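To keep things clear, I will list the structure first and then write my remarks on it.
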Amino acid sequence: ATEIQWWHAFTGRLGELLAAQIEEFNASQSDFVVVGSHKGNYSETLNAGIAAFRANEQPHILMVFEVGTATMMAAKGAIKPVYEVMAEGGAPFDPDAYMGAVKGYYTTTDGDMLSLPYNSSTPVLYVNRDAFTAAGMDPDMDLSTWQNVGAALDGLKAGGEDCPLVTAWQSWVHLENLSAWHDVPFATKENGFAGLDTELSLNGPVQVAHIDAMGQWAKDGKFIYTGRRNEGGANFRAGECALFTESSAGYAGVKAEAKFDFDIRTLPYWEGAGNAPQNTIIGGSSLWVLEGHDAEEYKGVSQFLSFLSSSDVQAKWHQNTGYLPITNAAAEQTKAEGFYDANPGTEIAGMQMTGKAPTGNSKGLRLGSFDQIRGIIDEELEAVWAGDKDAQTALDSAKERGDALLRRFEQANR
Ligand SMILES: O=P(O)(O)OC[C@H](O)CO
């Protein structure tokens, strides 16, 4: 059988579920064998793929988180667009089957799908109901606004809670999604969708006010900083924190490990700021097919990608992980199966994405070198949490340093 290499970034519960998909595909036919390899976290997997391409040792399929999308789109000779792979391979494929908000992220302005949406997420709020009760707080209290969350943090702290709020992916949740949710720009030129000559605008009044509030909560011991990626998930799953802002896909781990009652709520917004609530944007990753392999191998790739997009596989993946149902059929199937009724909160991610038609501020981000820019943002936010910089100074600096990378990317890809 012909071997198809898939490099990915999943361990833990997500790694198990991904391995089960590969096993199911391999058992369903005998012409191709998909081999999954874990290459580290999202950034490490992206870098491994780029390095492998330079050494002519690239896999067929590379999982790239949303942050690397503009970088991959610019890597013209290295990628084989998914629409082309599917047309040549002949496996069933209908780009219109995908949710608009998900498809738009990975499609050119001409309507060509470049990478396959696979695991798309959006951030939500997880609530440890037992922690609320232990602190003498009502776990059913309204947490839809940051004003209300602020009041909850006061009460939790006063009630003896040591970790009222923890977050994963601080830039993604508290700046990128914050901006879209309030319909304010994170970057000019429709967050980069309308041109490479984009600059960051993450230091506007809505963002500064939010980071300022978070900085104050950090100082008061109400927001506990645990790291740049999803390190905080371990604290939340262990029952050590009351509130957790994290990807909808945090559901996989929380469901598997939490020994407490939990809720999923919408991502909070600031009442009165911007046009909140607008819509949130996607994260997670898509699958890029790399150049340099032969036609028979691409045929296998097209069959595997078609398998991954089928309603049954997608519906199951969505229900098990909390990732969005990337096709409309998978969403309908999930609803028809009664999953949302049986598991309240699991419908929220989809609702946040589709509640309103996206604006130029809320389609998503398409910024080159964005993994490095996130590194800069992380550093500046850490200075706020540590009390070394105020929010305005830190975000002004993030803009200046990030813009320098955007200019380099623009020049290299003109
Ligand atoms: O945990 P994920 O896969 O939903 O990804 C979250 C962020 O999008 C990472 O950039």
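Looking at Gly89, Gly159, Gly104, just one residue is touching a residue at least 12 places away in the same chain (Cβ under 8 Å) and not assigned by TED's automatic domain parsing to the domain that holds Ala52, and that residue is Gly159. Kindly provide the set of residues from the range 61-89 that are within 16 Å of the ligand (Cβ to nearest atom) and within 19 Å of Ser37 (Cβ to Cβ), ordered by number. Passing the criteria: Leu62, Met63, Val64, Phe65, Gly68, Met72.
Pick from Val173, Val166, Val184, Val254: which is within 30 Å of Ala412 (Cβ to Cβ) and within 16 Å of the ligand (Cβ to nearest atom)?
Working: Val166 fails: within 30 Å of Ala412 (Cβ to Cβ); Val184 fails: within 16 Å of the ligand (Cβ to nearest atom); Val254 fails: within 30 Å of Ala412 (Cβ to Cβ).
Step by step, each of Val173, Val166, Val184, Val254 is checked, and only Val173 is within 30 Å of Ala412 (Cβ to Cβ) and within 16 Å of the ligand (Cβ to nearest atom).
The number of residues in the range 267-290 that are at negative phi and within 16 Å of the ligand (Cβ to nearest atom) comes to 10.
For the range 105-137, enumerate the residues that are within 16 Å of the ligand (Cβ to nearest atom) and within 24 Å of Val313 (Cβ to Cβ). I'd like the intermediate steps shown before the answer.
Taking the range 105-137 and keeping what is within 16 Å of the ligand (Cβ to nearest atom), we get 105-106, 115-126.
Answer for the range 105-137, where residues must be within 16 Å of the ligand (Cβ to nearest atom) and within 24 Å of Val313 (Cβ to Cβ): Tyr105, Tyr106, Ser115, Leu116, Pro117, Tyr118, Asn119, Ser120, Ser121, Thr122, Val124.
Among (1) closer than 21 Å to Thr245 by Cα; (2) in a helix (DSSP H, G or I), where does Val127 come up short? Against the list (1) closer than 21 Å to Thr245 by Cα; (2) in a helix (DSSP H, G or I), Val127 comes up short only on (2).
What strands (runs of 3 or more DSSP E) lie completely within the range 1-116 and have 3 or more residues being surrounded by fewer than 22 Cβ atoms within 10 Å (Cβ to Cβ)? In the range 1-116, 2-8, 32-38 are the strands (runs of 3 or more DSSP E) which contain 3 or more residues that are surrounded by fewer than 22 Cβ atoms within 10 Å (Cβ to Cβ). At least 3 residues being under 15 Å from Ser179 (Cα atoms) and assigned by TED's automatic domain parsing to the domain that holds Leu156 is the threshold, and among the helices (runs of 4 or more DSSP H) wholly inside the range 195-298 those reaching it are 205-219. Among the residues of this structure, Gly387 counts as one that is open to solvent by 50 Å² or more (accessible area, probe 1.4 Å), more than 15 Å from Trp172 (Cβ to Cβ), outside the structural domain of Tyr42 (by TED's automatic domain parsing) and of a type in the set (Gly, Ala, Ser).
Residues that are within 16 Å of the ligand (Cβ to nearest atom) and over 30 Å from Thr188 (Cα atoms): which helices (runs of 4 or more DSSP H) entirely in the range 306-409 hold 2 or more of them? Write out each step before concluding.
Numbers: elements: 311-321, 328-336, 339-342, 348-354, 370-385.
Answer list for the range 306-409: 311-321.
When each of Ala152, Ala168 is tested for being in contact with a strand residue (DSSP E or B) (Cβ under 8 Å, 6 or more places away or on another chain), open to solvent by less than 10 Å² (accessible area, probe 1.4 Å), in the same structural domain as Gly375 (by TED's automatic domain parsing) and farther than 21 Å from Glu271 by Cα, the lone residue that passes is Ala168. Any residue at all in the range 230-244 that is more than 14 Å from Leu165 (Cα to Cα), open to solvent by 20 Å² or more (accessible area, probe 1.4 Å) and either within 16 Å of the ligand (Cβ to nearest atom) or aromatic (Phe, Trp, Tyr) (or both)? No: the range 230-244 contains no residue that is more than 14 Å from Leu165 (Cα to Cα), open to solvent by 20 Å² or more (accessible area, probe 1.4 Å) and either within 16 Å of the ligand (Cβ to nearest atom) or aromatic (Phe, Trp, Tyr) (or both).
The values are calculated or read from the model by the stated rules, or taken from the named source; none is laboratory data. Bear in mind the structure is a predicted one, so any value in this text is a computation, not a measurement. As a convention, Cβ positions derive from the backbone with ideal geometry for all residues, glycine included, and neighbour counts pool all protein chains shown. Quick note on the areas: whole protein, heavy atoms, side chains included, nothing else; ligands and nucleic acids left out. Shrake-Rupley method; radii C 1.70, N 1.55, O 1.52, S 1.80 Å.
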